[in-house]
Each structure stands twice: as structure tokens, then as C-alpha cells.
Amino acid sequence: MKLEINKATTFLAAGKVESYTADVMAAQKALEDGTCAGNDFLGWLHLPLSITAEFIAEINETANILKANCDTVVVAGIGGSYLGAKAVIAALDDNFTWLKPSNAPRILFAGNNISEDYLTELIDYLKSVKFGVINISKSGTTTETAITFRLLKKLCEEQMGKETAKKVIVAITDAKKGAARSCADKEGYKTFVIPDNVGGRFSVLTPVGLLPIACAGYDIAQLVKGAQDMERQCDINVPFDENPCAVYAATRNALYASGKKIEILVNYQPKLHYVSEWWKQLYGESEGKDKKGIFPASVDFSTDLHSMGQWIQDGERTIFETVISIDKPNSSLVVPADEENLDGLNFLAGKHIDEVNHKAELGTQLAHIDGGVPNIRISIPKLDEYNLGQLIYFFEKGCGVSGLLLKVNPFNQPGVEAYKKNMFALLNKPGYEAESKAIQERL
Ligand code: PA5
């Protein structure tokens, strides 16, 4: 992975990024020493290098049971209990995976919305396939996931019988507490634990992400290896200008302080769409608090150049872009020559589609810089498990450091509770009687 900031620093005073060196070191030291805000959630910091071959083998063993018994696996989870797995699987999947036969089960995601239509249509589809369920919830009580799991458990048991259903239902949850834990223990499901000290949005390298990714047929050992190598590259002992997470955290904070309040994560590969969704949760939930924080947005180019391109080129100048660029595609396709050249495209004949894509990227970067949009660029050699593992750890550590530079607690999410309290009050959940009364008076 390579990080380039020279098209961002031209928008800042000379030496501005480097002026963060001491603060970045202090943030890294606070993470290492466990003295920062949110220090009970630092389990992600040295997680990659703590993952053993035995642990990966245990995950693969469970994945193999699901693969052998199911042609579809539904992953029930929301937020940090779904976005990491979704991001990696979408980035590695064939774009047209739905249309092609596959040796691995189809992975579907649910429990991340409360749509009656979504769940009805999912259940209709599942009636015709052999499916298993991975129920993921750290708290074990999240409403979206719990409703979905109740429906899936019932259907699975009706289809296979209670005993066989136990083989294909796996729970990933807290070691002791929560309804998902008590249900799994009572029913005798295989379970994996989400460590207490790893928050949801930092949990993709725990079973939360690893099991669904392994079920989808991808190499989790390579994903972890990429993360391990990045953990070394971002170590506190690596000098500031060679440490990608340090430079990224400093650059985005310097841009924020200069009035760039919105960071747009840009990709030129539709497969990266959900990497952006994962990144938005990671940075949004970590930094958006105490009335502060860069707003994390994302676009898929060149698609969105035809929708959001105008705003980015010419709208309010409060944005900067971070572009994820992939050096080489995994396939090979050239623009064919055409004798009649009716479309006038023969100037491209023989060129790889990816060359055109990279010229679009370069042309866009130049145009956006001219338009006053600082550009950070992150490039990876290719889209595979190893490089995704690198990106994941880079963004996680960058986020921890960046949040501390901003002087917020990057590891809590108190704001997420507000809607839940109102929803429970409106639904008359036991224990919310006072809130129910108060909310009725407001309606
Ligand atoms: O990052 C977080 O902590 C949240 O997004 C959670 O992952 C999300 O709310 C789901 O919570 P749980 O895993 O407890 O069901």
C-alpha cells in the first residue's frame, strides 16, 4: 500500500502536516499505554499479530461445516457486526456472482434494516434453498438483528428440524451476556466470542468478519497477513513520515483545521463500494461527537462523476478527497478495433479498459485540484485478501490516532442510543414506561 499526500499538502501551509508529529506520537503512545479515552476498547490495536494459525483453522473448520451443508448463508448483523464482512466479500466477489454457479455458498446479509418487504422477500427466497445462519451481535440485544434472527431460526428449524438446524446456526457474540449468548447456549449452537475490548466497528478481524469471509470461500489467512504487515508498518517506532497511519491522521486533521469539513472516500472500482460503507461507519462513529468531526462521505467513480461530479468540482469548498486506487485489475480486456468506427472510438482500440479508467482517475484528480479539492491518494497493487487486510488495519489505526488528535473518545458511540430510546418508548418496550409517557406528550 502506498499513501501520497503531495496533492493535499499544496492546500496547507508548508510544514503543517509535519507539525503534528509530536501530537501523533502522543496519540500513539496513549494507545500503546492504554491511557487514552476509551482505553477499554483497544483490543483491535495489536489484534492482527495476536491471531494464530490455530484460530484461523478453527474458523475455517466451522466455515467448512456451513459450506458443506448450505448453499446460502445468511449473516444477521448490523453496523460493525456486518459492514466489515460485507466490505471484504463485496470487494472480492465476482461482480456477477449472482448469475454464476459457485462452489462456495451464497452469502446474504440481513438484520441490518427493519424492512418488512426485505425480510418477506428474503424468507421467500430461503424457502427454496438450504441455508445456514451466522447470528452476529456483540450486545446480543440489537433489535434489527434480533427480529431477523427470530424469523431465520424459525424457518431453519421448520425446514431442517431443530437438531439439524443446530449444525448450521452459529452465534458470534459476547462471552457471557446478552440474548444471543443465552439462546446459543440453550440451543447448543457453535459460538465464537467477540472480545470485550474490541468495539463493533473495529471487529472485522475477529470472527465477526473472518467467519463470513471464510464461508464465502476467501483466504482469511492472507487477509490477516496483510493486516499483520500493516500493523508492523504503523508501529509506534516507525518514524512519522514512513508511518502511513500517522501521516494520514495528521493530514486529515490539518485539512479539517483549515476548513475542510468533509472527507470523500473515492474509488474507481464498483467492488469497493462497501469498503467505503465500512470506512464511513469507522470514521463517522469514531469521530462525530462533541459537536466535532470530519463528515465521512463516499462516491463510486466514474459512475458518480455523472451525478456528484458537478458538486465536487464546483460546490462549496469544504471538501477533500481520499482516493483508493488499484494499480492493476484482476482481469484483462481491451477495447476492440472496429472497421467502421461509427462510434469514433478507434483512438482507444487495443487499450486496456483499466488504462482508460486510470486516465479518468488522473484527469479527475487534476480537475478537482484545479477546483480547490485537496487529494490524498492510497494505492494498492491489486484487489485481493492481502491488500484488503492492509487497508483495514491502516484505516483502523489511522482512525484511532486521528480521533485522539481531534480530542474525542474514538471508541464510544453514545449518540447511537438516542434513536433506540425513542423507538423502544414508541414500541412500549418493558422498562421504557417513563420514556413512553414522555414521548406521547411530544406527539
Ligand atoms: O460499531 C458499533 O459498535 C455498532 O455499529 C455496533 O456494531 C452495532 O450497533 C451492532 O451492535 P451489536 O453487535 O451489539 O448488535
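The values are calculated or read from the model by the stated rules, or taken from the named source; none is laboratory data. Note that this is a predicted model, so its numbers are computed, not measured. For neighbour counting, all protein chains shown are included, and Cβ atoms are generated from backbone atoms with ideal geometry for every residue, glycine included. To get the accessible areas, we keep the full protein, side chains included, count just its heavy atoms, and leave off ligands, DNA and RNA. Shrake-Rupley method; radii C 1.70, N 1.55, O 1.52, S 1.80 Å.
Which FRET efficiency value, to the nearest 0.05, do you get for A367 and D71 by plugging their Cβ-Cβ distance into 1/(1 + (r/R0)^6) with R0 = 60 Å?
0.80
Treat every Asp and Glu Cβ in the chain as -1 and every Lys and Arg Cβ as +1, leave all other atoms uncharged, and give the resulting dipole magnitude about the Cα centre to the nearest 20 debye.
That gives a dipole near 1300 debye.
Using a 1.4 angstrom probe and counting only protein chains, how large is the accessible area of F240 in Å², to 10?
Ignoring ligands and nucleic acids, F240 comes out at about 30 Å².
Quick check: at a probe of 1.4 Å, how many percent of the accessible area of the chain sits on carbon and sulfur atoms?
54
What length, rounded to one decimal in nm, is gained on full extension from L333 through to E435, with 0.36 nm per residue of separation minus their alpha-carbon distance?
Residue separation times 0.36 nm, minus the Cα-Cα distance, leaves 30.7 nm.
Taking the alpha-carbon distance from K421 and a cut-off under 17 Å, which aspartates and glutamates remain once sequence neighbours fewer than 8 residues away in the same chain are dropped?
In chain and number order, the partners are E144, E433, E435, E441.
Based on the Kirkwood radius over alpha-carbon pairs, what is the Stokes-Einstein translational diffusion coefficient of the chain at 20 °C with 1.002 mPa s viscosity, in µm²/s?
Translational D for this selection: 92 µm²/s.
Using a 1.4 Å probe on the protein heavy atoms only, what accessible surface does H358 show? Give it in Å² to the nearest 10.
Roll a 1.4 Å probe over it and H358 shows about 50 Å².
For the chain, which span is the longest to avoid every loop-located (per DSSP) member of GluC sites (Glu not before Pro) having at most 13 other Cβ atoms inside 10 Å?
1-315
Residues of the chain: accessible area per residue at 1.4 Å, in Å²?
For the chain, the per-residue accessible area is 46 Å².
Per residue and in cubic angstrom, what volume does the convex hull of the Cα atoms of region 300-360 have?
110
Could you list which residues have their amide H under 5 Å from that of F109, counting only those 5 or more apart in sequence or on another chain, with H placed in the peptide plane?
So F109 has HN proximity to V75.
Give me the distance in nm between label points sitting 7 Å out from Cα along the Cα-to-Cβ direction at F295 and S128, one decimal.
That separation, rounded to one decimal, is 4.3 nm.
Karplus couplings for region 393-400 from phi (6.51 cos²θ - 1.76 cosθ + 1.60, θ = phi - 60°), rounded to Hz, Gly and Pro as x?
Along region 393-400, the couplings run 5, 4, 5, 4, 5, x, 5, x Hz.
By what distance, in whole Å, do the Cα atoms of region 47-218 stretch along each of the three principal axes, largest value first?
In descending order, the Cα extents are 41, 35, 29 Å.
Ranked by accessible surface with a 1.4 Å probe, highest first, in what order do L3, L211, L366 come?
Final ranking, largest accessible area leading: L366, L3, L211.
Once you measure Cβ to Cβ distances between cysteines in the chain, which Cys have no partner under 4.7 Å?
C36, C70, C156, C183, C215, C399, each lacking another Cys Cβ under 4.7 Å.
At 0.36 nm per residue, minus the direct Cα-Cα distance, what do S182 and N39 gain on full extension? Give it in nm, one decimal, please.
So the chain would gain 48.7 nm between S182 and N39.
List the trypsin sites (Lys or Arg not before Pro) in region 83-180 that DSSP assigns to loop (not H, G, I, E or B) and whose Cβ has at most 11 other Cβ atoms within 10 Å. Which are they?
The qualifying sites are K127, K176.
Could you work out the helix-only [θ] at 222 nm for the chain, with each DSSP H run of four or more residues adding -39,500 (n - 2.57) and the total divided by the number of residues, to the nearest 500 deg cm²/dmol?
It comes out at -14500 deg cm²/dmol, rounded to the nearest 500.
Give me the distance in nm between label points sitting 7 Å out from Cα along the Cα-to-Cβ direction at K2 and V356, one decimal.
It is 2.5 nm.
Can you give the percent of C-alpha pairs in region 332-388 whose distance is more than 15 Å?
Of the Cα pairs, 66 percent sit more than 15 Å apart.
In whole Å, what is the distance between the alpha-carbon centres of region 153-199 and region 356-425?
32
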